[in-house]
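Structure, as structure tokens:
The values are calculated or read from the model by the stated rules, or taken from the named source; none is laboratory data. Treat the numbers as computed from the prediction; the structure is a model and nothing was measured. Glycine gets a Cβ as well: all are built from the backbone with ideal geometry, and neighbour counts include every protein chain shown. Note: accessible area is taken over every heavy atom of the protein model, side chains too, but ligands, DNA and RNA are not part of it. Shrake-Rupley method; radii C 1.70, N 1.55, O 1.52, S 1.80 Å.
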Amino acid sequence: MAIATNGKQAAKAEKPSKIGGAATWADDRLGLATIAKKQIRKVFPDHWSFMLGEIALWSFVVLLLTGVFLTLWFKPSMAEVTYMGSYDQLRGLHMSEAYASTLEISFDVRGGLLMRQMHHWSAMLFIAAMFVHMMRVFFTGAFRKPRELNWVIGGLLLMLGILEGFAGYSLPDDLLSGTGLRIADGLMKSVPVLGTYVSFFAFGGEFPGDDIIPRLYTVHVLLIPGLLLALIGAHMLLLVYHKHTQWAGPGRTEENVVGFPMMPVYAAKAGGFFFIVFGVTALMGGLMQINPVWRFGPYNPAEVTAGSQPDWYMGVAEGLLRIMPGWETELFGFTLSWNVFIPGVVAPGIIFGLVLAYPFIEAWITGDKREHHLLQRPRNAPNRTAFMVAMMTLYGLLWAAGGNDILAVVFNLNLNYITYFMRVAVFVGPVIAFILARRWAISLQRHDQEALLHGYETGVIMRSPEGAYSERHLPIDPARAYTLTARDRDQVYALPSGEDENGVKAPGTRRNRLRAKLSHYWFAHNVQKPTREELEEAREHAEHELAMHSGGHQHMPAGDYLGDHELDGHPADGHQFDGRHDVHGEELRKH
């Protein structure tokens, strides 16, 4: 019987399984197989630094899992109750229902304290991983076209993560979290004209009001998580659409991706990494105490905990508030509190906006409109690297300033002196850090150029008959040479003519002049990679020197000798034991 081989439909099993039949039914109506077939073979590069984003992702998953557990017992109410639970030191005290339910989760619900601490640690880890991930993206230039929007999405995720963390640790209504809410109330009220209205709306009246905990709860479990999920989805879709960046190396270009497919390799690795993150978070939650709310007691607006500190990611705002001078202005009978508004509202907004806008600022300065899929080494972008180092320095100083009282007590220093020092350091420190990091990066560029042109230092010292010494150099590995040369030459922006052919002043002349100056500062001091001719000349020179050394000869100027002939020489005594060749039968020469 003849069998047709030119059918238009794929062959099907005579008796398909129930699972296969259900999958076929769904695919006929949704077309999922066509989409999945392409995506499960999507290739992702492999490098340890790419796992920083995964830590943030899996920490968020742990947050969702532990958060669902906590919502089953937490009561977001500010109604006053008398605590009669297991913790003796607080029994009989009046407190809000939110604080009482937090104590119940901690002491009476099986596994409740573990879940609370896992939730808090995973929140800290989530924000920390996003911070470090964005630093990696920034240092390597992974935000460049076409990924500028993904950089903005990442920045929004970080901001929402910080707000989510603040809302979360404010929910227990203990004395420490209440102090944080008091600061938030002050920030709201510092806004001219609208401040008091915003505060009354948020708290449901004069602070602390009766509505802030239920409202924060809604924001914490519904609004911000929904936004985070949407932005994470958009972030991942753009990641797949643009393809993942990769480090330069042999076989890697702007047009391809070298790595492993999504299925089965990357999915298995990602799944295993999730369990690692979950396990580490569980260990931290079980062994490392965090936010012991029972030690602080219920919130009372007339009290404040001594040495109170927010979670680490709020340290910048805390530091800005503590070192700001007490500037106020009386205007038409109203007090404008610049000492709260500028450090608490304006300065964080400027810093955050500058970081989000950086990809567009750099693209304008450099005039680079090309797509980039290969990562840059930080040394090859000295100004960008120096900018991030300056921002890290500013962050560290402000973080330290946020604990000026702790520093004064621990190190027995004067609190006012610490504050005065920080007021100067936050301006001087980042500038010094920028200059040092920039010069360091340029020096590393120069080192790369020396390695390309002259090879690496072997540690073998050669001696000529005249007694002169020099170190032997060998060409670097071809793969490393490829990596060092896999970068574009920097082009300084040339200022166009300020007038057209009719002598009319061209629009945007001032802007172009500023751009030309910035571009000159950006690139003028960079050490460019060697040209093809320079590399060829260096290769020929290296081969010539290697041939001379291999023959027991070397060309070595010594003293005032200016000759141009070869001098016989031999390795200095002791270097026959450098580990580079067989030493059987070797011994130190006797003089």
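Along the range 278-293, what does the Karplus equation 6.51 cos²θ - 1.76 cosθ + 1.60 (θ = phi - 60°) give for ³J(HN,Hα), rounded to whole Hz, x for Gly and Pro?
Karplus-based 3J(HN,Hα) across the range 278-293 equals 4, x, 5, 5, 5, 4, 5, x, x, 10, 10, 5, 8, 6, x, 4 Hz.
Sort out for me the Cα centre separation of the range 148-197 from the range 105-122, rounded to whole Å.
Cα centroid to Cα centroid, the span is 24 Å.
To the nearest 10 Å², what's Phe360's accessible area with a 1.4 Å probe?
Roughly 100 Å² of Phe360 is accessible to a 1.4 Å probe.
Over the chain, what percent of the accessible surface lies on carbon and sulfur atoms, probe 1.4 Å?
Working: 21860 of 34020 Å².
After summing per-atom areas, the C and S share lands at 64 percent.
Compute the longest continuous run of the chain that contains no exposed GluC sites (Glu not before Pro); treat a site as exposed when its DSSP state is not H, G, I, E or B and it has at most 15 other Cβ atoms within 10 Å.
Values: sites that count: Glu14, Glu206, Glu254, Glu255, Glu303, Glu371, Glu466, Glu501, Glu566, Glu586, Glu587.
Formally, the longest exposed-site-free interval is 15-205.
For the range 23-80 and the range 271-329, what is the separation of their C-alpha centers, rounded to whole Å?
27
Using a Förster radius of 56 Å, what is the FRET efficiency between Val410 and Tyr482 based on their Cβ-Cβ separation? Nearest 0.05, please. Intermediate results must be reported in sequence, preceding the final value.
On the way: r = 51 Å, r/R0 = 0.91.
With a Förster radius of 56 Å, E is 0.65.
Using only protein heavy atoms and a 1.4 Å probe, report how much of Val280 is accessible, in Å² to the nearest 10.
Counting only protein heavy atoms, the figure is 70 Å².
When ligands, DNA and RNA are left out and all protein chains stay put, how many square angstrom of accessible area per residue does the range 338-454 have with a 1.4 Å probe?
On the way: 5970 Å² over 117 residues.
It amounts to 51 Å² per residue over the range 338-454.
Let me check something: with ligands and nucleic acids excluded, how do Leu239, Leu415, Leu484 order by accessible area (1.4 Å probe), largest to smallest?
Numbers: Leu239 45, Leu415 75, Leu484 10 Å².
Highest to lowest solvent-accessible surface, that is Leu415, Leu239, Leu484.
So if we plug the beta-carbon distance of Ser86 and Tyr197 into 1/(1 + (r/R0)^6) with R0 = 41 Å, what FRET efficiency do we get, rounded to 0.05? Before the final figure, lay out the partial values.
Values: r = 43 Å, r/R0 = 1.04.
That gives a FRET efficiency of 0.45.
Any chance you could give the angle, 0 to 90 degrees and rounded to 10, that helix 224-242 forms with the longest Cα principal axis of the chain?
Computed tilt is about 20 degrees.
So which trypsin sites (Lys or Arg not before Pro) in the range 363-415 end up in coil per DSSP with only 14 or fewer other C-beta atoms within 10 Å?
Working: sites: Lys369, Arg370, Arg379, Arg384; in loops: Lys369, Arg370.
Passing sites in the range 363-415 are Lys369, Arg370.
Considering only Cα-Cα distances, which of the following residue pairs are longer than 24 Å: Lys145/Lys243; Lys37/Lys269; Lys243/Lys517; Lys75/Lys189?
On the way: Lys145/Lys243 12 Å; Lys37/Lys269 19 Å; Lys243/Lys517 34 Å; Lys75/Lys189 28 Å.
In this structure, Lys243/Lys517; Lys75/Lys189 exceed 24 Å between Cα atoms.
Tell me, what is the 1.4 Å probe accessible area of Met388, in Å² to the nearest 10?
In the full protein context, Met388 sits at about 20 Å².
Quick one: order Ile213, Ile153 from most to least accessible surface, probe 1.4 Å. Numbers along the way, then the final one.
Numbers: Ile213 0, Ile153 25 Å².
The most accessible residue leads, giving Ile153, Ile213.
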